[in-house]
Amino acid sequence: MTDVDLALADIQMKEQNIRIACVEFDLTLSNLRQTLQLPASRTSWTSAMANRLSFLNKQYRTNLKNDFQAVSTTMRQTYAGHGHANTCLVTQLMERIQSDNAALARVEELMNECQVLYDARVNDHSLDILSRVQFYRGMPALRQGLDKARGYNRRAYANFTCWKQYFIILSSESMLSKLLQDLRSSKLTKSAAEGKVIPVFDRLHELSDVRDTIINEASALGMKYESEWMEHGNQGIHPRELHRALRELDVLFDRAQEQRPVQEEALRQVADLTSLAAMPTSLPGPDGTEIMFDRLRIANLQFDAIHGTCEATESVSQGDYAAQLSSHIWLQLLDVVKTGLQAQKHNLS
């Protein structure tokens, strides 16, 4: 036989373990309620949460609108004086990239022609040694510079293709207005928010009720055995009776433990509700592709970067090459080019 006091201590320990297993959910739920600024009454949670989500969504969309308009204004003011007044900024940038590519093609054509002329003058022994050395040393640097410029040009074209739809929206008041109108139309109304909130909160309340039921059943069993066993006096408790009582409480403890993953999923769904305030995160663009808002916010920086890449291309093709072409050997070769062209014109005439 087991002493009554020892048997009741075992029962109380089991009951306490059940409460501990359930209290974590209570604490998490309480913290969540404070974080979401929900009222104490559970019956008001749905309405309060829906109102809050709708309000936060309005703030989110207002911030997006202000950001997009600021980015658009900055981009248009920065590049308004570039190119022709009647040409849109996107077209101007595309034409600049194409112009750079054409310029590089002309430079490469000139280099190839100079190579042919160099070989011809070497063969007829009309080029002095110093000029031959200058050409021999200068050509690799020119080739390297041309390759660098072509890399810049390819990068500019690739980035332009990737960001083109974003540039179109930011450079056009009508396109931006259309996007902002679509953004207004996608607002989260209170009724729409309630439709999302109700099933999540209903599940949360259901789990809370199950947890309360487990705690109440454990408490009732504890009271039952305490009342019954106190009447046994010094006779003690039979081991089989104690085992049966402890097993009943173990079943409740297992039920409480089984609720943990279900409770965690329900709490995750509640936390996910807050993401509704920051919706949508994208909308279809002019050509139907999805315009991501986080990218649209920084598209002007990409526009700047592509212009910077074009400047790097032009500095190589115009600056470095101009310096090389002004050397003695290049001037000689250019003279030969001019002479050859004049001879061609004379023969044609």
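Below is a table of values for the structure above.
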| quantity | calculated |
| --- | --- |
| Ala102, sole failed condition from (1) small (Gly, Ala, Ser); (2) farther than 27 Å from Val316 by Cβ; (3) assigned to a helix (DSSP H, G or I) | (2) |
| Selection from the range 87-140 of residues that are surrounded by fewer than 16 Cβ atoms within 10 Å (Cβ to Cβ) and among the aromatic types (Phe, Trp, Tyr) | Tyr136 |
| Among residues of the range 211-231, those that are surrounded by fewer than 18 Cβ atoms within 10 Å (Cβ to Cβ) and either within 22 Å of Val251 (Cα to Cα) or out of contact with any helix residue (DSSP H, G or I) (no Cβ under 8 Å at 6 or more places or on another chain) (or both), counted | 12 |
| Answer from Asn57, Asn17 - the residue that is touching a Phe, Trp or Tyr at 6+ places or on another chain (Cβ under 7 Å), modelled with pLDDT of 85 or more and not small (Gly, Ala, Ser) | Asn17 |
| Those residues of the range 279-303 which are over 13 Å from the mean Cα position of the chain (by Cα) and either on the phi > 0 side of the Ramachandran plot or of a type in the set (S, T, N, Q) (or both), in sequence order | Gly288, Thr289, Asn300, Gln302 |
| Some residue of the range 143-166 being at pLDDT below 85 and open to solvent by less than 20 Å² (accessible area, probe 1.4 Å) | yes |
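This table checks each residue for (1) among the charged types (D, E, K, R); (2) at pLDDT below 90; (3) closer than 30 Å to Arg61 by Cβ.
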| position | (1), (2), (3) |
| --- | --- |
| Val270 | no, yes, yes |
| Glu290 | yes, no, yes |
| Asp294 | yes, no, yes |
| Gly319 | no, yes, no |
| Gln324 | no, yes, no |
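The values are calculated or read from the model by the stated rules, or taken from the named source; none is laboratory data. The structure displayed is predicted, hence computed values, not measured ones. Neighbour counts are summed over all protein chains in view; Cβ atoms, including those assigned to glycine, are modelled from backbone coordinates with ideal geometry. When the accessible area is computed, the model is the full protein with side chains, heavy atoms only, and any ligands, DNA or RNA have been set aside. Shrake-Rupley method; radii C 1.70, N 1.55, O 1.52, S 1.80 Å.
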